[in-house]
Amino acid sequence: MRRGKSADGPTLLVASTGGHLEELYRLKDSLVPASQGVEWVTFDAPQSRSLLDGETVHHVPYIAPRAYRAAASSLTSARRIIRTGGYARVVSTGSGMAVPLLAMARAHGTPCHYIESAARSRGPSFTGKVVARIPGVRPYTQYPGWSGPRWAYRGSIFDGFVADSPIRVRSEPAARVVVTLGTMRTYGFRRAVEHLAKVLPEVTTPDAQVKWQVGVTELSGLQVHGRTFDTLPTHELRAAIAEADLVVAHAGVGSALTALEAGRAPVLLPRLQAHDEHVDDHQTYVADELSNRGLAVSRDPAELTAEDLVLAMSMSVQQTSTPPPFELST
């Protein structure tokens, strides 16, 4: 059994399920210097089991957004993982589970790196602010606008995508549609479903195949065309998006990345705190960033029109052949 830190040991990758895990999964092969093998710490969920199939994974109890007591109680699990792992370094993209894991790793002298989510274009998250105060943790931002002596800029995970031009307006209705509201366990997004149920029929064929991944969203009383799922395995969701004529998603980083990788420009519907759809309004930042890059169509659900859906169907995205390197400080 390995113990303590080891310069030749694997890298421990730490991320909550959802967009945090999706980002870190995509970043892992571009980390410089390269990893001597990796292990993962995340929650036990359909997404993590599907995405990390075949990987070495340490599951820890679920921590809801800003559940501070749950984060503190996970220190025992963090201590066990760090003490027995022999890790060369720890890299995390958040969220709450990053605090106990990075704090425990630094207590054992292990080099630690925290990469703030691409959702945070205007400053660090609450987790980022806490982690940045842990002595020895090296924090990174994916936006040059708020980089500085404390927060290093190494590029963005969105840098690997470019929009095709010119846009040729699509005239055919959509035969295949994917709507994904993510895999959040705490917040529903009924407001998006209610409006989409009204506007989607304007741009789809009468027999269109529509798949809805709705998470914990309550659907009682709604007439929704198509098949609904709480969650879809990662490989099934990716395959459905790759075949879709139209992708509509909450403005989570993971959902957006999955659409972009399939060459689709998604319609992004940000969750808002005022409607009890998330802890804050950071999804508006994701939607604005990708809209400004020409990679998505951003709308509030109540303002979504058929023309917006047609515009997204008319757009396409290209991915660069190799991801930009993400250089970690030494």
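The values are calculated or read from the model by the stated rules, or taken from the named source; none is laboratory data. These numbers were taken from a predicted model, which means no experiment stands behind them. Don't worry about glycine lacking a Cβ; one is built from the backbone with ideal geometry, like all the others, and counts go over all protein chains shown.
Here's a check for you: in segment 41-53, which residue that is part of a strand (DSSP E or B) and in contact with a Ser or Thr (Cβ under 7 Å, 6 or more places away or on another chain) is surrounded by the fewest Cβ atoms within 10 Å (Cβ to Cβ)? Break it down stepwise before answering.
Of all residues in segment 41-53, those part of a strand (DSSP E or B) come to 41-43.
Still in the list and also in contact with a Ser or Thr (Cβ under 7 Å, 6 or more places away or on another chain): 42-43.
Values: T42: 27, F43: 18.
Here the residue is F43.
Counting just the residues of segment 14-43 that are within 16 Å of the chain's Cα centre (by Cα) and charged (D, E, K, R), which one comes out farthest from T330 (Cα to Cα)?
My answer is E22.
Filter segment 269-297 down to residues that are within 20 Å of Q319 (Cβ to Cβ) and of a type in the set (S, T, N, Q) and give me whichever is farthest from the chain's Cα centre (by Cα). Let's see the steps before the verdict.
The initial filter retains those residues of segment 269-297 that are within 20 Å of Q319 (Cβ to Cβ), namely 286-287, 289-297.
Subsequent filtering for residues that are of a type in the set (S, T, N, Q) retains 291-292.
Values: S291: 17, N292: 19 Å.
Among those that are within 20 Å of Q319 (Cβ to Cβ) and of a type in the set (S, T, N, Q), it is N292.
For segment 200-259, give me every one of the strands (runs of 3 or more DSSP E) that falls completely inside it and has 1 or more residues that are in contact with a Pro (Cβ under 8 Å, 6 or more places away or on another chain) and not assigned by TED's automatic domain parsing to the domain that holds L27. Spell out the reasoning first.
Numbers: elements: 204-213, 227-229, 246-250.
Answer list for segment 200-259: 204-213, 246-250.
Out of segment 311-325, which residues are out of contact with any Leu (no Cβ under 9 Å at 6 or more places or on another chain) and over 16 Å from A287 (Cα atoms)? Please lay out each step first, then the result.
Taking segment 311-325 and keeping what is out of contact with any Leu (no Cβ under 9 Å at 6 or more places or on another chain), we get 311, 314, 316, 318, 320-322, 324.
Hits for segment 311-325 are S314, S316, Q318, T320, S321, T322, P324.
Can you name the residue in segment 174-187 that is surrounded by fewer than 20 Cβ atoms within 10 Å (Cβ to Cβ) and modelled with pLDDT under 95 and, of all such residues, is nearest to A240 (Cα to Cα)?
So, considering only residues that are surrounded by fewer than 20 Cβ atoms within 10 Å (Cβ to Cβ) and modelled with pLDDT under 95, the one nearest to A240 (Cα to Cα) is R185.
Restricting to segment 287-302, name every residue that is part of a helix (DSSP H, G or I), of a type in the set (A, V, I, L, M, F, W, C) and in contact with a strand residue (DSSP E or B) (Cβ under 7 Å, 6 or more places away or on another chain). First the steps, then the outcome.
We begin by selecting, within segment 287-302, every residue part of a helix (DSSP H, G or I); these are 287-292, 301-302.
Now narrow it down to the ones that are of a type in the set (A, V, I, L, M, F, W, C): 287, 290, 302.
A287, L290 - these are the residues of segment 287-302 that are part of a helix (DSSP H, G or I), of a type in the set (A, V, I, L, M, F, W, C) and in contact with a strand residue (DSSP E or B) (Cβ under 7 Å, 6 or more places away or on another chain).
Mind counting the residues in segment 108-157 that are surrounded by fewer than 20 Cβ atoms within 10 Å (Cβ to Cβ), more than 24 Å from A256 (Cα to Cα), touching a helix residue (DSSP H, G or I) at 6+ places or on another chain (Cβ under 7 Å) and not aliphatic (A, V, I, L, M)?
Matching residues across segment 108-157 total 3.
Which residues, counting only those in segment 275-301, are among the small types (G, A, S) and in contact (Cβ under 8 Å) with a residue 24 or more places away in the chain?
Initial filter on segment 275-301 (among the small types (G, A, S)): 287, 291, 294, 296, 298.
Of everything in segment 275-301, those that are among the small types (G, A, S) and in contact (Cβ under 8 Å) with a residue 24 or more places away in the chain turn out to be A287, G294, A296, S298.
Could you check how many residues of segment 303-321 are touching a residue at least 12 places away in the same chain (Cβ under 8 Å) and either closer than 16 Å to P201 by Cα or part of a strand (DSSP E or B) (or both)?
Taking segment 303-321 and keeping what is touching a residue at least 12 places away in the same chain (Cβ under 8 Å), we get 304-306, 308-320.
Next, only the ones that are either closer than 16 Å to P201 by Cα or part of a strand (DSSP E or B) (or both) stay: 304-306, 308-313, 316-319.
Looking only at that region, the number is 13.
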